[in-house]
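As structure tokens, the structure follows; a few thoughts come after it.
The values are calculated or read from the model by the stated rules, or taken from the named source; none is laboratory data. Computed from a prediction, not measured in an experiment: that's the story for all the values here. With ideal geometry, Cβ positions are generated from the backbone for all residues, glycine too; neighbour counts draw on all protein chains shown. To get the accessible areas, we keep the full protein, side chains included, count just its heavy atoms, and leave off ligands, DNA and RNA. Shrake-Rupley method; radii C 1.70, N 1.55, O 1.52, S 1.80 Å.
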Amino acid sequence: MRKILFGLMGMLLPWYASAAVDDDGMAAARAALEGAAQPVPQQMALRDTRITARRMEYNYKEAVAIMSDDVVVDDARFRLTADRLFVFFDGTNSLSQLVVMGHVAVSNENRRASCEKAVYTKVDGRLVMVGQAVLKNISSDGKVSQVAGDKITIWTNDQRMEVYPRPTLSFPAGATDGLKDMMK
């Protein structure tokens, strides 16, 4: 379980990565949303991951571990809290799917994510966040940029995301000054 959850922050928050090529004219909006945040260093000192909950079950037939009631995942790179955590294993005892439900919140030093349910599927590197899904970036000077919607789908392998329906982008004051020339 420790190995599975070490990469959870990378799975939940790949949205900070910049696109290599900007052919859609949205570089200023992406830059404002990304802020001055830098990716988590790859050489971060690791420590044991600690998962606590009030209850744990393991179903050998279905190959699923279920943590429930006040779930807390404490890792060197992030902290996750939720009501329930389901870890589904494949035939080789490796992660195949991760389901986090109820008041899902993930945070690190400068990023926050929240939703009611998140499902990560390893085979296609897809993370789906539903129910008041929000991704926030907090700059070193405390300014917050965020994207929100009813459903946020992130393809971690491709570093892209889709927000549908009713997407909302929020930028700190002054972050969109580069866009004012487009309105002339």
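Against the numbered list (1) under 22 Å from Asn137 (Cβ atoms); (2) touching a residue at least 24 places away in the same chain (Cβ under 8 Å); (3) polar (S, T, N, Q), Ser114 comes up short only at (2).
Conditions tested, residue by residue: (1) open to solvent by less than 70 Å² (accessible area, probe 1.4 Å); (2) farther than 16 Å from Ile152 by Cβ.
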| residue | (1), (2) |
| --- | --- |
| Glu62 | no, yes |
| Ser68 | yes, yes |
| Asp74 | yes, yes |
| Arg84 | no, yes |
| Ser94 | yes, yes |
| Asn110 | yes, yes |
| Cys115 | yes, no |
| Tyr120 | yes, no |
| Leu135 | yes, no |
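Any residue that is farther than 26 Å from Glu62 by Cα, in contact (Cβ under 8 Å) with a residue 40 or more places away in the chain, assigned to a strand (DSSP E or B) and open to solvent by less than 60 Å² (accessible area, probe 1.4 Å) - is there at least one of those in segment 152-172? Yes, segment 152-172 contains a residue that is farther than 26 Å from Glu62 by Cα, in contact (Cβ under 8 Å) with a residue 40 or more places away in the chain, assigned to a strand (DSSP E or B) and open to solvent by less than 60 Å² (accessible area, probe 1.4 Å). Would you please list the contacts, defined by Cβ atoms under 6 Å and residues six or more apart or on different chains, that run from a residue in segment 78-103 that is among the polar types (S, T, N, Q) to a residue that is part of a strand (DSSP E or B) and open to solvent by 60 Å² or more (accessible area, probe 1.4 Å)? Every condition considered, the pairs that remain are Ser96/Phe88; Gln97/Phe88. Considering segment 49-144, the qualifying strands (runs of 3 or more DSSP E), each wholly inside and each with 2 or more residues that are modelled with pLDDT of 95 or more, run over 55-59, 64-74, 79-89, 95-107, 111-121, 126-138.
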